[in-house]
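Everything on this sheet refers to the single structure shown next.
Just so you know, all these numbers are worked out from the coordinates, no wet-lab data involved. This structure is a prediction, so every number in the text was calculated from the model and none was measured. Here the Cβ positions follow ideal geometry from the backbone for every residue, glycine too, while neighbour counts run over all protein chains shown.
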Amino acid sequence: MSDRLCTVLLYSDDPEVRDRMRLAVGTRPAPGLQIEFAEASTYAECIRLVDDYEIDLLLLDGEASPGGGLGIARQIKDDRDDAPPTCVVIARAADRWLAAYAQADATLVHPLDPVTTGTTVAGLLRAHTPA
């Protein structure tokens, strides 16, 4: 059985945060899944990539500025019937209610734990059946 190749879009205005996200996810977060990454550093670039490419999962920095990952998650869920799953990385566990309001499918908390991140990403990818 071959691995399922999935595209994960990493969004943050900070390249170091995107690097930490990439390292925490890894290229093989679970058996049967292989990850390739796309990156966006601006709100507009993130939306364009979602519109123009087949993205399997959005990993969004909730602390990005000026456009945060929570706003992107909410916009994509409001605008698209076929929105990919979204996971927002937040600074405080207490902000999970904001992520729920933004209709994020999952949250992770800075600093990212590789085991939790890989498990969360794999679960979201496996639960989402491509159209």
Filter result (of a type in the set (D, E, K, R), exposed (fewer than 15 other Cβ atoms within 10 Å of the Cβ) and over 17 Å from Arg18 (Cα atoms)) within the stretch 84-123: Arg92
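Given the criteria hydroxyl-bearing (Ser, Thr, Tyr) and over 12 Å from the mean Cα position of the chain (by Cα), does Ser12 qualify? Explain how you work it out, then say what you get.
On the way: hydroxyl-bearing (Ser, Thr, Tyr): yes; over 12 Å from the mean Cα position of the chain (by Cα): no.
In short, no.
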statement: Among the residues of the stretch 46-57, the number that are touching a residue at least 12 places away in the same chain (Cβ under 8 Å) and over 15 Å from Asp81 (Cα atoms) is 3
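Can you tell me which residue in the stretch 87-130 is nearest to the chain's Cα centre (by Cα), limited to those that are closer than 14 Å to Cys6 by Cβ and outside any helix (DSSP H, G or I)? Can you show your working first?
The initial filter retains those residues of the stretch 87-130 that are closer than 14 Å to Cys6 by Cβ, namely 87, 118, 120-130.
Then drop every residue that is not outside any helix (DSSP H, G or I), which leaves 87, 128-130.
Working: Cys87: 4, His128: 13, Thr129: 16, Pro130: 16 Å.
Ranking the candidates gives Cys87 first.
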task: Can you tell me which residue among Gly67, Gly118, Gly71 is in contact with a Ser or Thr (Cβ under 8 Å, 6 or more places away or on another chain) and of a type in the set (Gly, Ala, Ser)?
output: Gly67
